[in-house]
1. Considering the alpha-carbon set of the chain alone, what are its Rg and its Dmax in angstrom?
2. Would you mind checking which residues have amide H under 5 Å from GLY108's amide H? H placed 1.01 Å from N; only 5 or more apart, or other chain.
3. What is the set of long-range amide H partners of ASN170 at a cut-off below 5 Å, with H atoms built 1.01 Å from backbone N?
4. Working out 0.36 nm times the residue gap between ALA7 and GLU172, then minus their Cα-Cα distance, what length gain in nm do you get to one decimal?
5. Which lysines does LYS159 reach when only Cα atoms under 22 Å apart count, and residues fewer than 8 places away in its own chain are ignored?
6. Could you please state, rounded to a whole Å, how far the C-alpha centre of segment 33-103 is from the C-alpha centre of segment 10-26?
7. Check each of the trypsin sites (Lys or Arg not before Pro) in segment 150-184 and keep only those in coil by DSSP with at most 12 other C-beta atoms within 10 angstrom; list them in order.
8. Which loop trypsin sites (Lys or Arg not before Pro) in segment 14-105, with loop taken from DSSP, have no more than 13 other Cβ atoms within 10 angstrom of their Cβ?
Amino acid sequence: MSAETLAFHHGKHHAAYVAKTNALLAERPRLGSTLVEVTRAARESDDLPLFNNSAQLWNHSFFWQCLAPPAERSPGPALARRIEEAFGSTEALLAGLKSEAVGHFSNGWAWLVLDAGRLRILSLHDADTPIVRESMQPLLTIDVWEHAYYVDYRNDRAKFAGSVLANLINWEFVEANLDGRGIERADQPF
């Protein structure tokens, strides 16, 4: 992931979600003291502008933690065991995540979640997020909005997904999320 992509993705897109969420919150009664509380309250009240921006802010905050500088990495023992039970191998998990990311129609997110205690790969559209789904605990996400890959990969989502999954996954973060506290790791006070 190039410095130019990070500048656009984090410095412009992510920053815009922060600014818009803060602006929308300034116009509304207090909905909570954390980003997760605000996002859930916005979803429950069908406040789509606030939900879309706050959920995107949380999703991006989680996404950045899923990444690490390129290096030889692999899942730790507890995660490796769960992956093997659910998918047969880490390679099969990565292939499934790539397929989900590439096959996702339009914009959104490819996720590895604990869903009712079981590892599951899924994609969610637009700003949708596991934090508003009772049975889901996020472990890992891949951003499949075009702004994640249009600079470095010229809109080649498959190449982007393959590169991120092969080189940039922060397996320590993913394994830590097995404790069911992944939502908290991207939460922020308001």
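1. According to the Cα coordinates of the chain, Rg and Dmax are 16.1, 50 Å.
2. Those lying under 5 Å, H to H, from GLY108 are ASP126, VAL144, TRP145.
3. LEU67, ALA68
4. 56.9 nm
5. LYS98
6. Using only Cα atoms to place each centre, the spacing works out to 20 Å.
7. Those that pass, being in a loop and sparsely packed, are ARG154, ARG181.
8. ARG30
A short reminder: the numbers here are calculations on the coordinates, not readings from a lab. Fair warning: this is a prediction, and the values are worked out from it, not measured in the lab. Using ideal geometry, Cβ is built from the backbone for each residue, glycine included, and neighbour counts are taken over all protein chains shown.
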